[in-house]
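J.: Below are the structure tokens for one structure; questions will follow.
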Amino acid sequence: MPARKWVHTIALFLLVGAGKAVSAQESAHFSFAAEPESLRPGETATLWVDVELEGDWHIYSATTPPGGPHPTEIYLDDGPLTLVGPVIQPEPVVDRDPNFDIEVEHFGKSVRFGTRVTIPEDALPGLLTASGWVTYMLCNESACLPPTTETFSIPIQVEQGPARAAYVYAVQEAPPEPNELLAGKGSTAEVDLALSQGLGAFIYLSFTMGLLALLTPCVFPMVPITVSFFTKQSEGDTPPSRSESVVKSVVYCGGIIATFTGLGMLLAATLGASGAAQFAANPWINLAITAIFVIFALSLFGLFEIHIPTALLNRLNSAGGGSYAGILLMGLTFSLTSFTCTAPFVGTLLVLTTQGTWIWPIVGMLTFSVAFALPFFFLSLFPQSLRSLPKSGGWLNSVKVVMGFLELAAAMKFLSNVDLVWNWGILSREVFIASWIALFALCGFYLLGKIRLPHDSPMETLGPGRLMTTTGCLTFSLYLLTGLFGAPLGELDAFFPPYGSQGSITQVRGGSDVKDLAWMDDYEQALAEADATGRQIFIDFTGYACTNCRWMEANVLPDPSVRDLLENYVLVHLYTDGQGQAYDDNRSLQQAKFGTVALPFYAIVTSDGQEIARFPGMTRDRQQFQKFLKKGLSPDLQARL
């Protein structure tokens, strides 16, 4: 035996000796299940091995390299069942173990392993038992326990009938590993992995997700709204001092952080994990946000001034509050408008509250919202700095009016949410686009001096900045005009109602290239259709107020390569943010079956509900989405597409 191998072996026995006073059965708790529980001859079941660990013990992966700790291995007793394929496991933690002087792979807190067994083709109807054992090893920072065996006996019902393609292992010859299925940022697997690695890893994940959330469409309208709001705040005979501007920016971001975290946890406690998304999609909330934006836009136009009641103002001033009440209100508005786009990570965190865990979600929400609010701290300082520039009155008023038009455009988005949820059928895609065309055309005419508002100064010349902005507004209006005739509008489609939408749960989906696909809106009907046709089911968990969902429906699903793949599935879209029993059932299904309330969320399942693959969240990588869709298709069909 090589000297290096001897060293590893001696180290292993020393560590085992140090931990012999502790029993592995006391430190690891196993549970076993088969999925599905009923199969036909020739089909394949997945045996799941769930492990819960006590304290700081960790268990090693099935792919742990030789020369170190014992890997986790699953064996089957002699019998009619046959093991096929490698062990299924999530992404392990990889680091160098000084005891063995090699890279090791391990899991902490909890982990799910899986393996597949095939029912023999000559099996008779009745009950079969999948029995065998799991060999594993536990270690912590100071000791290792000797390799231990845990036996299992799992009943599988064999029913009569020909093998179904969905359950034949050859169809899933290279089944995806759970870490690949859950590769989306903020997924359950990624959160669980970060939790297993400790506080630092969890905070890093939360902060990273907060920064990535800034790239979602919901955030874009808040940029001009923030600028216009603090432009209004900086008005007055005496410009705010630098320190006062910083304090106001801190209060604004503090309002975002406090309302994001506090409201999210409160809604999780009262309405469940999907409470925040429900609240953000509530028609009355959207009407209130619409009203706030419209009122603020009219104020920017100079039609009236927003004044806090004198009695309240005196109290705020005596407490050092000044105009901070309005700043906090705008922070709350920001949080509400952003809930639907931040759900992929926030929804996963809030699901933890339903499992009795509150500390981790609070820490995660605070860290996430700090990263999310950070850029807006600097953005809010920008207009307050502009106010101190010399002779800023005339052109700064024009900036405020332009921001007012942008606020009205943003208000249309929230009014559209109300139209969809309440099924008015008034604010269709065409009407919405026409309203934006009118707003940006009016903005262009205003900048040309064709429209005068109360606080405008006489325009003597048309400067280059004003001319460029005018050209941009009028060009944008002409570009939007193409959308009235059905042309896709790229990134902007995320803000518009879907093609042909009438606000109902059975609305037509996506762009013109996918609107003729047969979408269902009932999960049970989709299961029956899949059983009758032998096709897999593609589930789209979506929402009326979900901007990311609209983006996917307008930019990814219409892609010809994606559409060709979708044609091979039973398609079902399940709205989760409406009002009524159907929406409640869809929310419960998503949370119970997939452990998340994030939107959008896509899954491929078989005719009896067995999960094949999942795709959490929005993506701009069409090839990645195509790869996901191919997971539910046979190799022959994949080769043809």
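The values are calculated or read from the model by the stated rules, or taken from the named source; none is laboratory data. Values in this document were obtained by computation on a predicted structure and should not be read as measured data. Cβ placement follows ideal geometry from the backbone for every residue including glycine, while neighbour counts extend to all protein chains displayed.
J.: Please work out which residue is surrounded by the fewest Cβ atoms within 10 Å (Cβ to Cβ), limiting yourself to the range 475-494 and to residues that are touching a Leu at 6+ places or on another chain (Cβ under 9 Å) and part of a helix (DSSP H, G or I).
T.: Thr482
J.: What residue, among those in the range 560-600 that are within 19 Å of Asn417 (Cα to Cα) and among the aromatic types (Phe, Trp, Tyr), is surrounded by the most Cβ atoms within 10 Å (Cβ to Cβ)?
T.: Here the residue is Tyr575.
J.: Continuing with the same structure: Could you say which residue among Gly79, Gly161, Gly114, Gly85 is assigned to a strand (DSSP E or B) and more than 15 Å from Glu37 (Cα to Cα)?
T.: After ruling out the rest, the residue left standing is Gly85.
J.: On the given criteria, is Glu103 more than 25 Å from Tyr75 (Cβ to Cβ) and among the acidic types (Asp, Glu)?
T.: For Glu103, the condition - more than 25 Å from Tyr75 (Cβ to Cβ) and among the acidic types (Asp, Glu) - is met.
J.: I'd like the full set of residues that are among the aliphatic types (A, V, I, L, M) and surrounded by 19 or more Cβ atoms within 10 Å (Cβ to Cβ), limited to the range 137-153.
T.: Met137, Leu138, Leu145
J.: If I filter the range 530-550 for residues that are out of contact with any Leu (no Cβ under 8 Å at 6 or more places or on another chain), among the acidic types (Asp, Glu) and in contact (Cβ under 8 Å) with a residue 40 or more places away in the chain, do I get at least one hit?
T.: Among the residues of the range 530-550, at least one is out of contact with any Leu (no Cβ under 8 Å at 6 or more places or on another chain), among the acidic types (Asp, Glu) and in contact (Cβ under 8 Å) with a residue 40 or more places away in the chain, which makes the answer yes.
J.: If you take the residues of the range 406-425 that are more than 25 Å from the chain's Cα centre (by Cα) and modelled with pLDDT of 85 or more, which of them is nearest to Ala288 (Cα to Cα)?
T.: The extreme case among them is Leu408.
J.: Here's something else I'd like to know. Quick one: count up the residues across the range 428-457 that are part of a helix (DSSP H, G or I) and more than 16 Å from Val402 (Cβ to Cβ).
T.: 8
J.: Further question on the same structure: For residues that are of a type in the set (Gly, Ala, Ser) and within 19 Å of the chain's Cα centre (by Cα), scanning just the range 606-623, find the one that is nearest to Ala532 (Cα to Cα).
T.: Ala613
J.: Tell me yes or no: at least one residue of the range 451-463 is surrounded by 18 or more Cβ atoms within 10 Å (Cβ to Cβ) and in contact (Cβ under 8 Å) with a residue 12 or more places away in the chain.
T.: no
J.: Answer yes or no: is there a residue in the range 460-471 that is under 30 Å from Gln610 (Cβ atoms), more than 31 Å from the chain's Cα centre (by Cα) and modelled with pLDDT of 80 or more.
T.: Taking every residue of the range 460-471 in turn, none turns out to be under 30 Å from Gln610 (Cβ atoms), more than 31 Å from the chain's Cα centre (by Cα) and modelled with pLDDT of 80 or more.
J.: Looking at (1) surrounded by fewer than 16 Cβ atoms within 10 Å (Cβ to Cβ); (2) part of a loop (DSSP other than H, G, I, E, B), which is the one condition that is false for Gly68?
T.: The one condition Gly68 does not meet is (1).
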